[in-house]
Amino acid sequence: MESRVLTGATAIRGLPLLRKPAAMFTANCSFPALKPTGAFKDGGSLMWGKQLRPAILLEASPASAVSPLSKRESLPPCLAAASSQAEGNDSAGPIGFFEKYPALVTGFFFFMWYLLNVIFNILNKKIYNYFPYPYFVSVIHLFVGVAYCLVSWTVGLPKRAPIDSNLLKLLIPVAVCHALGHVTSNVSFAAVAVSFTHTIKALEPFFNAAASQFILGQQIPITLWLSLAPVVLGVSMASLTELSFNWTGFISAMISNISFTYRSIYSKKAMTDMDSTNLYAYISIIALFVCIPPAIIFEGPQLLKHGFSDAIAKVGLTKFITDLFWVGMFYHLYNQLATNTLERVAPLTHAVGNVLKRVFVIGFSILAFGNKISLQTGIGTSIAIAGVAMYSFIKAKMEEEKRQMKAA
């Protein structure tokens, strides 16, 4: 996705630079009424001075059909002087913090993404230790996120993007796969150690490559397939000696990998100019409605009979409610911030970020819960992560070469 930083921008390509006349010229010159050459419609939302996946449509106007004039030859003297001063201000004007330190800002985004992700995983697992109902907790994750989106739309941060029936049809398969992958991930988190679930989820690139090759018909280079061999080997080694291993956790994590793979496939078919913040909000709303029926069917009777009462007896009503609220908030914020962060960087940085994120989550979860792992599990996890890093680097390099070829 392409991102554009609008903070401090002075002109949009194809539009003349419109500025207020300098005070020194207003006394001697009379300015005709200026009509805008276009109006913005259905624009993307602004977040931290940045526009995500903009869909800016310019209304045609008679002025846009007029050939551009030379500033020095065609403008009146006072207008030409004012324009010249405006250009001088552009070159010497103050530079905003975001433009002056872009690497620092991007680093802060990465830090917050990792921090929120680690907090979510630790809090999520702590809830399962006294409230083992992953279907219901999955609904809470999405419910809190949807509530957050609705409040954000109400105050106009961001402005809600319109949606029609055609776009809804495209987003439903994406949201269904998102819901299934989310629920099965939580079933795995509840059944086994967080570190083991993330080790299994390291296989996701393997499923993505297989789907691209055998479903989409895309030719996957042999180098990519070879880079996935350590991932499969490492996950196999870790699974054989994982102390928390059980089939529910393992199979659920594998289903999650498949679900997110199909989500990627449907996402490519549902490419849209809607900004990522609004897009993720709509997907969350649809996914919430998908997750509610299974939670009622599989866990509803148990929750009403003893699930809620047992949890309240163990930690108290206040802590139970606040834990559910904050785990849902952290889930939504880390996903949204991940999208915003990865849109700021190149594909190779994207790859590094995703790999390091998994390393951070595995490491901090082991420290937080004191999970004991065997030497073979540790070696297998390291090999799997190294394989994911190799795969990500090769794929990112290929995408960058394709982009440069298209640009040329």
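Descriptive notes on the structure:
- Put simply, of 216, 226 the only residue that is of a type outside the set (Lys, Arg) and farther than 19 Å from residue 268 by Cα is 226.
- Residues within the range 261-291 that are surrounded by fewer than 17 Cβ atoms within 10 Å (Cβ to Cβ) and farther than 24 Å from residue 164 by Cβ, tallied: 0
- Taken over the range 94-144, the residue count meeting the criterion of being small (Gly, Ala, Ser), at pLDDT below 90 and in a helix (DSSP H, G or I) is 2.
- Matching entry among 309, 392 (being assigned by TED's automatic domain parsing to the domain that holds residue 280 and modelled with pLDDT under 90): 392
- Within the range 362-408, the set of residues being aliphatic (A, V, I, L, M), under 17 Å from residue 244 (Cα atoms) and in a helix (DSSP H, G or I) comprises 362, 366, 367, 368, 375, 379.
- Flag for residue 312 being surrounded by fewer than 20 Cβ atoms within 10 Å (Cβ to Cβ), under 26 Å from residue 147 (Cα atoms) and not hydroxyl-bearing (Ser, Thr, Tyr): yes
- Residue within the range 169-184 that is farther than 30 Å from residue 312 by Cβ, in the same structural domain as residue 283 (by TED's automatic domain parsing), of a type outside the set (Asp, Glu) and without any contact (Cβ under 8 Å) to a residue 40 or more places away in the chain present: yes
- Neighbours by Cβ (under 9 Å, 6+ apart or cross-chain): first from the range 386-408, touching a residue at least 12 places away in the same chain (Cβ under 8 Å); second in a loop (DSSP other than H, G, I, E, B) and among the aliphatic types (A, V, I, L, M): 387/202; 388/202; 388/203; 396/346; 400/346
- Residue check: residue 287 meets all listed conditions (1) under 29 Å from residue 105 (Cβ atoms); (2) at pLDDT 85 or above but one, namely (1).
- Evaluating residue 182 against the criteria (1) in contact with a Lys or Arg (Cβ under 8 Å, 6 or more places away or on another chain); (2) within 30 Å of residue 127 (Cα to Cα) leaves one unmet condition, (1).
- Boolean, residue 323 is on the phi < 0 side of the Ramachandran plot, crowded, with 20+ Cβ neighbours inside 10 Å and acidic (Asp, Glu): yes
- Residue 226 surrounded by fewer than 19 Cβ atoms within 10 Å (Cβ to Cβ), in the same structural domain as residue 130 (by TED's automatic domain parsing), out of contact with any Gly (no Cβ under 7 Å at 6 or more places or on another chain) and part of a loop (DSSP other than H, G, I, E, B): no
- Residue check, residue 158 part of a loop (DSSP other than H, G, I, E, B), in the same structural domain as residue 299 (by TED's automatic domain parsing) and over 20 Å from the mean Cα position of the chain (by Cα): no
The values are calculated or read from the model by the stated rules, or taken from the named source; none is laboratory data. Owing to the predicted nature of the structure, the values given are computational and were not obtained by experimental measurement. FYI the Cβ positions are ideal-geometry reconstructions off the backbone, even for glycines, and counts take in every protein chain you see.
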